[in-house]
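Taking it in order: structure first as structure tokens, then the write-up.
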Amino acid sequence: MLNPLKKLTLWARQGPRTLAPAAAWWRSRRDWLAEHDPVYRSWSRPGRVEKLAATTACGLIAALLLALALFDWNLLRGPIGRWASSHYDREIVIDGDLDVRLFSLTPSLSVHGLRVGGPPWARGANTLEVGRIEGAVRLRRLLVGQIELPRLAVTRPVAVLIVDQQGRRSWALDPDEADDGPATLPLIERLSITNGQVLYRDISRDISLDARVTASETARGVEGQTGFHLDGSGSRNGQPLTVTVQGGAFVNIRRDRPYDFSAALEGAGSSLVARGRILRPFDFARFDAALTITGQNLADQYPLTGIATPSTPPYRLTGDLSRNGNRWTLKGIDGRVGASDLAGDLEVDRIKDRLTVTADLASRSLDIDDLSVVLGAQVQSSSEGDTVVGSGLPGKLLPDAPLQVERLRAMDGTLSYRAASVKRNDFALRQVRLGAELQDGILKLNPVAFAFARGTLIGTARVDATKDIPYSEIDFRLAGYPVESLIPARGGVAPLTGRALGRAQLEGSGASLHAFAAASKGTMSVVMPQGQMRTAFAELLGINAGRGLRLLLAGDQGVSGVRCAVGDFSVSQGVATARTLVVDTDVVVATGKGTIDLGAETLDLRFDGETKKPRLLRVWAPVTVRGALSAPDIGVDGSAITGQVGLAGILGALINPLVALLPFIDPGLAEDANCGALIAGTR
């Protein structure tokens, strides 16, 4: 095996023989060109004509270069301005000197007094005015198709950025061009901005901002202002707003070196703090940052984010925000909304000028008051200064907060939310699971699931927000919910126990839950297949005054079986009318009738009871349930008692005092209700 030195010596000796075929090929090719190609022949042995042509070309090039070196570039200010004004349909003028230096490895440009007018609808406000712009471009990068600016200095720039009610942007030179976000600027190694000013007016979102902008590359600038600084103040929705953006100095910027920045926005009851980096300098469409956002209501962020969220209690959230073109992601969300924790991920993408939001959120512990606010309830302060949650209407249960339909039309998306546990509450609610899909103004909720200590409530909903007043459809099923959770205990014993089953199928128009209920139509039913009722109340349901009152006064805790309880209602214009209303116990069968007004949140029900056993002193009077849904009153129809007493008086006067007892005696001939048929009829 040869060592490397011997190999090199052998290659050197054989080199001429190795290269000989290539040299022979080149000689043959040259000879062929000399014989057959007149251009090659003329340039290899130039004659008088060729020499004259070469001399003329070199002279023209030299003259052109000299003309460019001595050219007064100010002569092009007018033509450039007229062409730009015609092309972009706005006035573009260079009022000062225009100077170009071409003969350098870094050609430079200097423009004094640049003025870019605004569109006609911007009320004559110039979009941009610049006192002086000086910049240079690296030639070797330009020759390979890359723009790289070794330096750029901007003096006294004033930018007026206006967004009108229709969403038109004054700085968009091509109004028909889609808004794809911030432009990607060429790499600038050294940037300086002196006495810059930005005036931003967004009429559609009621935002105004006046900001000062500076960029100083060394400590020779204003003390404390080294690097990039934007400090602005203004208002949002009539409330004060401040914005601060800071970054490092633009010195020796590289494409592969991220640029660090920090930003803070505060006002209108919220604040945002971000610390991050632009991954490729001057590519503002790609960055990541650690984000902290706090405020009174997440829905207030819609003007800034364009993301429609329900109203919430005060919140504080953190997460890792990143942007890649039109896609924004917020990962590792962690924080609190009201008294509930919240975690998860959020992604926002813009597809064909339409936002698409995907959210996967979860809570370890949910406060039911926070859930009520999300569903439309309002946070209020009590007379004692405590924070309370109410429907928005005095004495009402259903929230009256209107749905922002125009916001739902502006975006699409999906949501998955789950609460592993719920803080202690009167409904014994333990877990919550929600799924939502929004597409072209149609919101579908599937599932809406609540798990209680015993029983579940699960259903679906569809909201058509394409109309000014949304039209909604709901289908909810209740399974195994304990009735005693709804009826408070008396004397330590619940008057009624059992498991309730129910279903509500409603549809109607309405901008809020309350308005929807008030205009709804459909069916509602509730069934208790079996259970127990305190015997005293069972007797009173049939108005057995003798036995029922005696048991109540004696504090009797005995119970009677409930064979079934069935309520079936038809709903029209928000009023539920009883079609079937039966309570069948071991001792009494009660049938009822009446209505429940979902809009007024009141009920007016009447029960007539029949005893199954003979009873003395049975008062023939219906039991009534009337008043507000939140606090109904249970009473007796006194007019029936008056008639019964009047009949007893007539019998006693005409026949015999003992005969006067007959109206109060019940032979107990009532039969058991057909519970199976009644329950089947509600399905």
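The values are calculated or read from the model by the stated rules, or taken from the named source; none is laboratory data. The structure presented is a predicted model; accordingly, all values stated were derived computationally and were not measured. Using ideal geometry, Cβ is built from the backbone for each residue, glycine included, and neighbour counts are taken over all protein chains shown. Just so you know, the surface numbers come from the protein's heavy atoms only, side chains and all, with ligands and any DNA or RNA stripped out. Shrake-Rupley method; radii C 1.70, N 1.55, O 1.52, S 1.80 Å.
What to note about this one:
- Exposure rank, largest accessible area first [184, 106; 1.4 Å]: 184, 106
- A Förster radius of 56 Å, combined with the Cβ-Cβ distance separating residue 83 from residue 604, puts the computed FRET efficiency at roughly 0.10.
- Gyration tensor verdict on region 208-347 (Cα atoms; rounded if a/c is under 1.5, prolate if a/b is larger than b/c, oblate otherwise): oblate
- Rounded to the nearest 10 Å², the accessible area of residue 396 at probe 1.4 Å: 70 Å²
- Residues whose amide H comes within less than 5 Å of that of residue 151, counting only those at least five positions distant or on another chain, are 136, 189, 190 (H built at 1.01 Å from N in the peptide plane).
- Rolled with a 1.4 Å probe across the full set of protein chains, the surface gives residue 430 an accessible area near 110 Å².
- Each other residue within a Cβ distance under 9 Å of residue 357 adds +1 if Lys or Arg and -1 if Asp or Glu, for a net charge of -3.
- Selection among 297, 278, 251 by position relative to the dipole of region 243-303 gives 251 as farthest towards the positive end (Cβ unit charges, Cα centre).
- Neighbourhood charge, 15 Å Cβ-Cβ cut-off, centred on residue 448 and excluding it, Lys, Arg +1 and Asp, Glu -1: +3
- Close amide H contacts of residue 579 (hydrogens built in the peptide plane, cut-off under 5 Å, sequence separation of 5 or more or a different chain): 568, 569, 570.
- Largest to smallest in accessible area, the residues 624, 497 fall in the order 497, 624 (1.4 Å probe, all protein chains included).
- Relative contact order of region 261-374, defined on C-alpha pairs under 8 angstrom at six or more residues apart (%): 17 percent
- Residue 58 sits with roughly 90 Å² accessible to a 1.4 Å probe, with DNA, RNA and ligands left out of the calculation.
- Summed residue charge, Cβ within 10 Å of residue 344's Cβ, Lys/Arg positive, Asp/Glu negative: -1
- Per-residue 3J(HN,Hα) values for region 422-429, derived from phi via the Karplus relation 6.51 cos²θ - 1.76 cosθ + 1.60 with θ = phi - 60°, read 10, 4, 3, 8, 5, 9, 6, 6 Hz in sequence order (x marks Gly and Pro).
- Distance (nanometres) between label positions extended 7 Å along Cα→Cβ at residue 331 and residue 101: 4.7 nm
- Rounded, prolate or oblate (a/c below 1.5 giving rounded, otherwise prolate when a/b exceeds b/c) for region 257-303 by Cα gyration tensor: prolate
- Whole-Hz Karplus values for region 470-482 come out as x, 10, 10, 9, 10, 9, 10, 10, 9, 9, x, 6, x Hz, taken residue by residue from phi with 6.51 cos²θ - 1.76 cosθ + 1.60 and θ = phi - 60°; glycine and proline positions read x.
- Sites residue 433 and residue 579 - FRET efficiency at Förster radius 30 Å, r taken between beta-carbons, to 0.05: 0.40
- Above-threshold pairs, the threshold being 29 Å between Cα atoms, out of 331/467; 521/593; 423/593; 444/593: 331/467; 423/593; 444/593
- HN-Hα J in Hz across region 504-513 - Karplus 6.51, -1.76, 1.60, θ = phi - 60°, x for Gly and Pro: 10, 10, 10, 8, x, 9, x, 7, 9, 4
- Calculated FRET value between residue 354 and residue 254, using beta carbons and R₀ = 30 Å, to 0.05: 0.25
- Full-stretch length increase - residue 174, residue 109 - with 0.36 nm per residue and alpha-carbon distance subtracted: 20.9 nm
- For a modelled paramagnetic label at residue 91, 7 Å from Cα along Cα-to-Cβ, the residues of region 101-121 in reach, with backbone nitrogen under 15 Å, are 114-121.
- Shape call, region 264-380: gyration tensor on alpha carbons, a/c limit 1.5: prolate
- Along each principal axis, taking the top coordinate minus the bottom one, the Cα set of region 54-146 gives 58, 26, 22 Å in descending order.
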